[in-house]
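Any read-out appearing in this document is the output of simple, stated calculations on the displayed coordinates, not a laboratory observation. A quick note: this is a predicted structure, and the numbers were derived from the prediction, not measured. As a convention, Cβ positions derive from the backbone with ideal geometry for all residues, glycine included, and neighbour counts pool all protein chains shown.
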């Protein structure tokens, strides 16, 4: 059974919510009272971000053949070795792989020489991609719920306990070059503002499912924790 067919989607900025709020959290800035010394840089970089940043997502699901306490074997022969993921996805019947990328940031950042504006643009880029990832996962969850299916949270290679090398599996299955994303020998993605993830698809709704921030030791101080 194919739970999620391969899809490439343009993510409409107009539908992605709370970007400004997340930017404010990361910058530790009161968005209702921008300090005068930051107002010009804030207005200019915000305008650039909303006019020139675009976002794409690529995702597909793969049925699980079998799993044990240490591994998950997909029906296509792909093997995931992770005790953590085997536990998180213990109720799942399929895994979804996803890559979400932000276009426009790298070129703008490279051309920007003013350090304050670079800082603002960096945080705008992070806010955009984090909220875009949230938006697409909510959209996937909503569509699957109409079929009586539920998704777990999405977990990214490199997060606590999840091997960064697992990026290779995601790229082998999805071929994100289709949306302009490449992977370096050190498992770093390009464009810079790109996120990848693995999520479970199951028939049971888990109200107390593990969230990525639950695994992170910096969750109490990170401005994007549980955002």
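Some observations on this one:
- Helix 115-145 axis versus longest C-alpha principal axis of the chain: approximately 30°, rounded to the nearest ten.
- From its DSSP helices (H runs of at least four residues, each -39,500 (n - 2.57)), the chain gives a residue-normalised ellipticity at 222 nm of -11000 deg cm²/dmol.
- For 131, 39, 90, the sequence from fewest to most other C-beta atoms within 10 Å is 39, 90, 131.
- Here 56, 134 are placed in order of increasing Cβ neighbour count within 10 Å, fewest first, which gives 134, 56.
- Stretching the chain fully between residue 9 and residue 28 yields a gain of 3.7 nm (0.36 nm per residue, less the alpha carbon separation).
- Top of 57, 41, 127 by mean-square fluctuation, Gaussian network on the chain, Cα under 10 Å: 41
- Förster-model FRET efficiency, 45 Å R0, residue 178 and residue 38, C-beta, rounded to 0.05: 0.70
- Least to most buried among 115, 29, 166, 55 (fewest other Cβ within 10 Å first): 115, 29, 166, 55
- Note on the chain: GNM, Cα springs under 10 Å; of 130, 32, 112, the largest mean-square fluctuation is that of 32.
- Helix 36-52 axis, angle to the chain major axis (alpha carbon atoms, nearest 10°): 50
- Using the Cβ-Cβ distance between residue 143 and residue 206 with R0 = 25 Å, the FRET efficiency computed as 1/(1 + (r/R0)^6) comes to roughly 0.85.
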